[in-house]
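Colleague: Next up is a structure, given as structure tokens.
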Amino acid sequence: MWKLEQPKSLSPSLIQQLKIKVVGLGFKRKNPNTVVIKKSTHLALRLGQLGSNLLSPFHTPPCPFYIPSYGQITCLMSQFFLNFKKTMIPFLWLILLTHIRWVNTADLANISTSQVLNIFILAGQSNMSGRGGVINHGQNGLANETWDGVIPPECQSNPSILRLNAGFQWIEAQEPLHQDIDLGKVCGVGPGMSFANSVLKRDPSIGVIGLVPCAIGGTNISEWARGGVLYNHMIRRTEAALQGGGKLQALLWYQGESDTETLEDAKLYRFRLKRLFKNVLRDLQSPTLPVIQVALASSIGSYMEQVRKAQLSINLPNVRTVDAKGLPVGMDYVHITTLAQVQLGQMLADTFLQTHQTTQAVLLPVQTETVTSNAPRRCSNFVLDLLLGPFR
């Protein structure tokens, strides 16, 4: 049994609004100041890479299992016991609150129909979340990352660009877009702001843009399967964005680096990606929604070309592909640079506007097309470490 002491400022009435369910774990409220977590089928944990070793509902380790600087997990008589250092409790509780499903829909009422007219989903892994300008100061293989804070003119805030934050509220968008979504990571510049500013510049009549950040770094395509935590998270946030009015315009998807590690994942990638896109369109009841995916610019494994081939061969009628290969990659050989993110955002905007004009003119789904980068070709070669609760 786990015990997390919550901040005393959290009222019992607020606790009663929480509805939490995590893979393999059941949460029950015993009293206003304690949340007790009981094991049901299996305990899922994963070690982190960035010095932020957080709980994750995806992988089951052997027991006993140690989380450096956080505490110790042991297994006894089919029950797990977790002892956290007292200094970590407020931090872990904050993570828990960030990723629960709120029954209270008061925040959703803040979405104004007159404000958000064009809604875009940003999903995938770290290069969509944004690592532009993130610098690793660590030595001897240890990560010590910071964001340099540099925001290019193309990524500056604009009152006509909003984002749905982790509390389901529309706020003015600013970099890093995923700072309260992709927790446990150091986020930087991604393609979202460059995309939105470019769309507004090219077509000022389009109106206010609402970005819905959903990307989580280090995730495999299998972790985005329908019914899973990440998939439900994305659908839940999109549905919340639409409750206030507006129109869902496109899904922007950049993922696949984690699927280059094993040949099995690379071989299954096309099937899994195609299934994901079909499920999203069906569950959002938007069969003609444009899906603009990014073909990999880099990888963390040896099977990049197999995954790229899978991405480029997707033949669904409303899927278009922007090819990022050749965009500058940072010192880690995985994450594209700030300037590359700016260029990628503009490429995504070009593709969307072509799609938007086509659908408006002929009212037909967009056929698959690939947009390639004209940047010089370069050689381009953890994970989800946070506690997530399903959002459905």
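The values are calculated or read from the model by the stated rules, or taken from the named source; none is laboratory data. What you are looking at is a predicted structure, and each value in this text was computed from that prediction instead of being measured. Positions of Cβ are generated from backbone atoms using ideal geometry, with glycine treated the same way; all protein chains shown enter the neighbour counts. Only protein heavy atoms, including side chains, enter the accessible area calculation; ligands, DNA and RNA are left aside. Shrake-Rupley method; radii C 1.70, N 1.55, O 1.52, S 1.80 Å.
Colleague: Show the residue pairs that are 6+ apart or on different chains and have beta-carbon atoms under 9 Å apart, the first residue being within segment 282-305 and within 21 Å of Arg236 (Cα to Cα), the second being open to solvent by less than 30 Å² (accessible area, probe 1.4 Å) and small (Gly, Ala, Ser).
Modeller: Short answer, once both residue conditions are applied: Leu289/Ala250; Pro290/Ala250; Val291/Ala250; Ile292/Ala250; Gln293/Gly124; Gln293/Gly256.
Colleague: A further question on this structure: Looking at segment 199-223, which of its residues are at pLDDT 95 or above, assigned to a helix (DSSP H, G or I) and not basic (Lys, Arg)?
Modeller: Val199, Leu200, Ile221, Ser222, Glu223
Colleague: Which of the residues that make up segment 324-359 are hydroxyl-bearing (Ser, Thr, Tyr) and either part of a helix (DSSP H, G or I) or buried (at least 20 other Cβ atoms within 10 Å of the Cβ) (or both)?
Modeller: Thr338, Thr351, Thr355, Thr358, Thr359
Colleague: Across segment 191-223, which residue is most open to solvent (accessible area, probe 1.4 Å) among those that are more than 22 Å from the chain's Cα centre (by Cα) and small (Gly, Ala, Ser)?
Modeller: Only one residue tops the list, namely Ser205.
Colleague: Return the total of residues in segment 273-323 being part of a helix (DSSP H, G or I) and not hydrophobic (A, V, I, L, M, F, W, C). If you could, list the steps in order and put the result at the bottom.
Modeller: Pass one, segment 273-323, residues part of a helix (DSSP H, G or I): 273-283, 304-312.
Subsequent filtering for residues that are not hydrophobic (A, V, I, L, M, F, W, C) retains 274-275, 278-279, 282-283, 305-306, 308-309, 311.
Total meeting the criteria: 11.
Yes/no per residue for (1) hydroxyl-bearing (Ser, Thr, Tyr); (2) more than 23 Å from Gly345 (Cβ to Cβ); (3) in contact with a Gly (Cβ under 9 Å, 6 or more places away or on another chain):
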| position | (1), (2), (3) |
| --- | --- |
| Tyr231 | yes, yes, no |
| Leu281 | no, yes, no |
| Gln285 | no, yes, no |
| Leu289 | no, no, no |
| Ser302 | yes, yes, no |
| Gln306 | no, yes, no |
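Colleague: Scan segment 250-275 residue by residue and report those that are over 13 Å from Ile300 (Cα atoms), among the hydroxyl-bearing types (Ser, Thr, Tyr) and out of contact with any strand residue (DSSP E or B) (no Cβ under 7 Å at 6 or more places or on another chain).
Modeller: The one that is over 13 Å from Ile300 (Cα atoms), among the hydroxyl-bearing types (Ser, Thr, Tyr) and out of contact with any strand residue (DSSP E or B) (no Cβ under 7 Å at 6 or more places or on another chain): Tyr269.
Colleague: Further question: Which numbered condition in (1) within 27 Å of Glu172 (Cβ to Cβ); (2) at pLDDT 95 or above; (3) not in a helix (DSSP H, G or I) is the only one that Arg226 fails?
Modeller: Against the list (1) within 27 Å of Glu172 (Cβ to Cβ); (2) at pLDDT 95 or above; (3) not in a helix (DSSP H, G or I), Arg226 comes up short only on (1).
Colleague: I've got another one for you. Being charged (D, E, K, R) and farther than 17 Å from His335 by Cβ is the filter here, so list the residues in segment 159-198 that pass it. Break it down into steps so the answer makes sense when it comes.
Modeller: Within segment 159-198, the first condition is being charged (D, E, K, R), and the residues that meet it are 163, 172, 175, 180, 182, 185.
Scanning segment 159-198 gives Arg163, Glu172, Asp180.
Colleague: Can you name the residue in segment 138-168 that is exposed (fewer than 15 other Cβ atoms within 10 Å of the Cβ) and at pLDDT below 95 and is also farthest from Gly345 (Cα to Cα) among such residues?
Modeller: Only one residue tops the list, namely Asn140.
Colleague: State yes or no: is Val307 buried (at least 23 other Cβ atoms within 10 Å of the Cβ), over 26 Å from Leu177 (Cα atoms) and in contact with a Leu (Cβ under 9 Å, 6 or more places away or on another chain)? Spell out the reasoning first.
Modeller: Details: buried (at least 23 other Cβ atoms within 10 Å of the Cβ): yes; over 26 Å from Leu177 (Cα atoms): yes; in contact with a Leu (Cβ under 9 Å, 6 or more places away or on another chain): yes.
Here the answer is yes, as Val307 does meet what is asked.
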